[in-house]
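Visitor: Before I ask anything, here is the structure I am working with.
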Amino acid sequence: MGRKSLLPTNSADATRLRIERMEADREQRRIRQKEVRLARTQEEQRNLLAGNPGDVDFIGLVREWRQEHERLAQPHGDVDFEKICVCVRKRPLNEKERAKRDHDSVTCLHPMATVHSAKLRVDGISKYLDHNSFRFDHAFDEETSTEEVYRYMAKPLVDWVCGGRGARATVFAYGQTGSGKTYTMGRIQQMVADDIFETLSNNTLFGDEGCSLENSTCSVAIFEIYGGRIQDLLNKRNRLKVLEDAKGEVVISGLEEFEATNPAEFLAMIEKGHTNRTTHATEANDVSSRSHAICQILFRDRTNGRLKSKLSLVDLAGSERGTDTKSHNRQRRTESSEINTSLLALKECIRAIDGKSQHVPYRQSKLTQILKDSFVSRHARTAMIATVSPGSSSADHTVNTLRYADRIKENSVGDAFGK
Ligand code: ADP
Ligand code: MG
């Protein structure tokens with residue numbers, strides 16, 4: 001009753017009032033929308049200046065997530081290098097990604113790496129993120145230098161192989177094409193060159209057991225595995241054969257090893273191997289993404305040539321190639337399936353290093369066969385660097401890369417069912 005009495009009695013007045021109210025509401029909405037649009041434009045401008053020009057809503061959602069979680073980041077403390085050490089390295093967003101308005105969709109808060117996959121609700125309008133987090137021994141963000149990655153992932157292995165004693169150390173770069181494998185491994189090779197000769201020249205402590213410039217030679221061999229063929233990158237891309245002798249030792253017959261006596265000689269060989277790989281790549285449409293490149297540094301006894309220890313640095317084929325089975329080209333499909341087989345076998349072989357698995361399927365691919373002693377030796381240690389692109393259009397590949405890296409370490413520490 002009371003409400004009714006407040007209404008004007010004259011129905012024309014009531015209509016006029018309603019219209020006025022509607023117009024006022026509409027004006028309010030217009031102002032609000034304008035404010036929202038302005039705020040959006042300003043935010044877009046800010047994102048653009050920050051080098052992240054993608055979808056403003058998704059960027060906002062990623063930012064919110066980061067604000068909530070950044071306190072969880074830990075410093076990269078020195079941890080003991082176990083038999084298997086796995087890290088992720090995120091590279092910065094690049095021009096190509098900016099040009100297609102990709103946004104930064106990966107967050108590394110050590111030791112966690114998270115992929116924020118952009119999603120639309122069924123209404124086709126509301127946006128949300130799917131977060132996939134993984135824990136690693138190290139998670140390096142886009143601001144981390146290769147020096148730091150090297151310090152945690154490669155330096156302990158370099159020191160260890162310089163100690164001789166049958167050490168078999170291997171560093172892998174695994175990831176999608178364009179994610180930074182060659183960038184990371186290239187720089188690591190340079191740092192290895194410097195470190196090795198410094199350590200060797202100071203190495204008097206290790207005596208006969210260890211490697212020093214007096215009692216050991218340091219030689220380099222570089223080759224690639226491409227479509228099942230093994231090719232010597234330091235010797236005219238000669239085709240090589242992998243053989244297993246009666247004692248089960250794997251030999252790459254025909255592979256040339258070149259002695260290096262100082263960092264400059266070492267680097268010249270790395271450079272030559274790199275050139276041979278990339279020249280070939282431009283000839284035959286990006287071979288580097290479809291081949292595994294392996295650089296081996298071998299320490300031998302100066303008097304009898306016996307192998308004391310070995311460091312292998314492996315730049316793997318693009319991980320996305322393994323899943324590329326839809327190509328119309330038969331050769332490509334065969335290559336893809338070979339890459340897939342080798343990467344799956346590699347994962348299983350590394351998992352066997354901790355000794356908990358008896359099954360080392362190294363015969364399943366050329367890659368794992370060649371690296372047999374990196375898996376079966378009691379003195380095997382491995383570092384896996386999973387490189388990821390931050391771009392939102394790579395999010396699916398990035399999740400796959402992190403899943404792969406995650407599986408390598410899974411159960412390797414404290415496996416309750418281990419033998
Ligand atoms: P991949 O070998 O995995 O295909 P690349 O190492 O060739 O990828 O890297 C692709 C591009 O990204 C190169 O131009 C490289 O210089 C650049 N890049 C990769 N990682 C980084 C990084 N951490 N910081 C800056 N630039 C990087
Ligand atoms: Mg590469």
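The values are calculated or read from the model by the stated rules, or taken from the named source; none is laboratory data. On a predicted model such as this, the values are computed, not experimentally measured, just so you know. All Cβ positions, glycine included, derive from the backbone under ideal geometry; neighbour counts span all protein chains shown. We work out accessible area using only protein heavy atoms, side chains counted, and drop any ligands, DNA or RNA first. Shrake-Rupley method; radii C 1.70, N 1.55, O 1.52, S 1.80 Å.
Visitor: Being buried (at least 18 other Cβ atoms within 10 Å of the Cβ) and within 21 Å of Val192 (Cα to Cα) is the filter here, so list the residues in segment 233-256 that pass it.
Guide: Passing the criteria: Leu233, Leu234.
Visitor: Can you say whether Gly227 is modelled with pLDDT under 95, in contact with an Asp or Glu (Cβ under 9 Å, 6 or more places away or on another chain) and not hydroxyl-bearing (Ser, Thr, Tyr), as far as the supplied structure shows?
Guide: It is true that Gly227 is modelled with pLDDT under 95, in contact with an Asp or Glu (Cβ under 9 Å, 6 or more places away or on another chain) and not hydroxyl-bearing (Ser, Thr, Tyr).
Visitor: I'd like to verify a number: residues in segment 128-184 that are within 11 Å of ligand 1 (Cβ to nearest atom), farther than 27 Å from Ala118 by Cα and in contact with an Asp or Glu (Cβ under 9 Å, 6 or more places away or on another chain), how many?
Guide: The total comes to 2.
Visitor: Determine whether segment 68-85 contains at least one residue that is at pLDDT 95 or above, within 16 Å of ligand 1 (Cβ to nearest atom) and of a type outside the set (Val, Ile, Thr).
Guide: No: segment 68-85 contains no residue that is at pLDDT 95 or above, within 16 Å of ligand 1 (Cβ to nearest atom) and of a type outside the set (Val, Ile, Thr).
Visitor: Another question, if that's okay. So which pairs qualify, if the first residue must be in segment 75-101 and in contact (Cβ under 8 Å) with a residue 24 or more places away in the chain, the second must be open to solvent by 90 Å² or more (accessible area, probe 1.4 Å) and within 16 Å of ligand 2 (Cβ to nearest atom), the Cβ gap must be under 9 Å, and the two must be at least 6 apart or on different chains?
Guide: Arg91/Tyr183
Visitor: Going residue by residue through segment 288-301, is there one that turns out to be within 16 Å of ligand 2 (Cβ to nearest atom), open to solvent by 30 Å² or more (accessible area, probe 1.4 Å), in a helix (DSSP H, G or I) and at pLDDT below 95?
Guide: As a first pass, look at segment 288-301 and keep what is within 16 Å of ligand 2 (Cβ to nearest atom): 288-295.
With open to solvent by 30 Å² or more (accessible area, probe 1.4 Å) added as a condition, the list becomes 288.
Narrowing the set further to residues that are in a helix (DSSP H, G or I) leaves 288.
If we keep only those that are at pLDDT below 95 too, we end up with 288.
Yes: one or more hits.
Visitor: While we're here: Take residues that are closer than 24 Å to Asn276 by Cβ and tell me which of the helices (runs of 4 or more DSSP H) falling wholly in segment 121-227 contain 3 or more. Spell out how you get there, then give the answer.
Guide: Numbers: elements: 146-153, 155-162, 181-202.
Once the helices (runs of 4 or more DSSP H) in segment 121-227 are filtered for at least 3 residues that are closer than 24 Å to Asn276 by Cβ, what remains is 181-202.
Visitor: What pairs come out if I take residues in segment 178-193 that are over 22 Å from Ser219 (Cβ atoms) and pair them with residues that are assigned to a loop (DSSP other than H, G, I, E, B) whose C-beta lies under 7 Å away, six or more apart or interchain?
Guide: Every condition considered, the pairs that remain are Gly178/Ser389; Ser179/Arg91; Ser179/Ser389; Gly180/Arg91; Lys181/Leu316.
Visitor: If I ask for residues that are among the acidic types (Asp, Glu) and assigned to a loop (DSSP other than H, G, I, E, B), which ones from segment 58-86 would you list? Full working, then the answer.
Guide: Step one: list which residues in segment 58-86 are among the acidic types (Asp, Glu), which gives 64, 68, 70, 78, 80, 82.
Across segment 58-86, the qualifying residues are Asp78, Asp80, Glu82.
Visitor: Moving on. Mind counting the residues in segment 141-182 that are open to solvent by less than 10 Å² (accessible area, probe 1.4 Å) and not hydroxyl-bearing (Ser, Thr, Tyr)?
Guide: Number of matching residues: 15.
Visitor: Out of all the residues in segment 63-101, which are open to solvent by 100 Å² or more (accessible area, probe 1.4 Å) and under 23 Å from Gln176 (Cβ atoms)?
Guide: Selection gives Glu95, Lys96, Lys100, Arg101.
Visitor: Output the number of the condition that Ser212 fails; it satisfies all remaining conditions of (1) open to solvent by less than 30 Å² (accessible area, probe 1.4 Å); (2) within 16 Å of ligand 2 (Cβ to nearest atom); (3) not charged (D, E, K, R).
Guide: (2)
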